[in-house]
1. Straight-line reach only, C-alpha to C-alpha below 20 angstrom: list the lysines that LYS44 could link to, leaving out same-chain residues fewer than 8 apart.
2. Under 5 Å between amide H atoms, partner at least 5 residues away or on a different chain: which partners does LEU182 have, H built in plane at 1.01 Å?
3. What is the distance in Å between the Cα centroid of segment 47-75 and that of segment 227-256?
4. Considering only DSSP beta bridges whose two residues both sit in the chain, what percent are antiparallel, to the nearest 5?
5. Can you give the net charge of the other residues whose Cβ lies under 14 Å from the Cβ of SER135, counting K and R as +1 and D and E as -1?
6. Apply the Karplus curve 6.51 cos²θ - 1.76 cosθ + 1.60, θ = phi - 60°, to the phi angles in segment 186-191 and return the couplings in whole Hz, x for Gly and Pro.
7. Compute the distance from the alpha-carbon center of segment 166-222 to that of segment 136-161, in whole Å.
8. Based only on other Cβ atoms within 10 Å, what is the fewest-to-most ordering of ASP237, ASP142, ASP223, ASP197?
Amino acid sequence: MSLAMEPRSGGRHEFADRVTPARVVSGVLHEIGRVLAEAAFPAKCIGCQRRGTALREGCREELPYLPSGVCRWCASMRVPRGVCRGCRRLSPALSGVRAAFAYDGAARAAVLTLKFKSGRYLAPLMGEFLRAELSRRPLQADVVVPVPLATKRLRERGFNQALLLAEEIATAVRGAVVGNALQRHERPAQQTLRAADRLVNLEGAFSCAAANEVCGRRVLLVDDVVTTGATFSACADALAEAGARRISAIAFARDL
Ligand SMILES: [Zn+2]
Ligand SMILES: [Zn+2]
């Protein structure tokens, strides 16, 4: 395609809004790219699984918001008469854990889908709900740190879904994402262990690889799902050891 019709220098501003062939081509290429991306990774509603959009309006109303009365400190839904057993297990370095949803229904579907490359289109939608939760009870952080995957898992998956979510919320808390602040060392999979064993299993499982970036700073940890809080807790210990000033955590969904 010839660029002969592009305005010459001098006339550039005057003609800036004129539709030139080059602009048309670039627009068409952009549109083709979008269509190809959608064909390769078609959006599917996390509620009803119908294709076309990541979340249909009707399904938005069915989302499993956390019930009122969850623990204010750890977001646990098991709070019999104000006494939370979950909190006592967590690191004192962790100032709080929040989540947007219960790990159920459409929220669970979103978490599971985001673990696949083909599900990455869900990150902006999940980010929207995390930002909404953060605006409900505003929080500021200097540094936003995703819970890391173990190296082997990261190699298999090709990306860390927690990093995608961290990138979505960084501006909402006025922080900067430090993707490699934590390193995760190999341990047996948490899912195979009971709650009490999870904390023991994770002792020393994380180390801070960027102490200079977290020292004296407020840190927000981000993960897709929180179960017992043991992972956030172990991450908080590693960050506190590196000198982080205040450590809080947010997950897209809360299990238990
Ligand atoms: Zn739906
Ligand atoms: Zn609690």
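Where a number appears in this text, it was derived from the coordinates with a stated rule and is not lab data. Keep in mind that this is a model prediction, so the values were computed, not measured. We place every Cβ from the backbone using ideal geometry, glycine too, and count neighbours over all the protein chains shown.
1. Correct list for LYS44: LYS115, LYS117.
2. Those qualifying (amide H under 5 Å, at least 5 residues apart or on another chain) are ALA209.
3. 23 Å
4. Bridges in the chain are about 20 percent antiparallel.
5. Charge balance in the 14 Å sphere: +2.
6. 4, 9, x, 4, 4, 4
7. 7 Å
8. Going from sparsest to densest Cβ surroundings: ASP197, ASP142, ASP237, ASP223.
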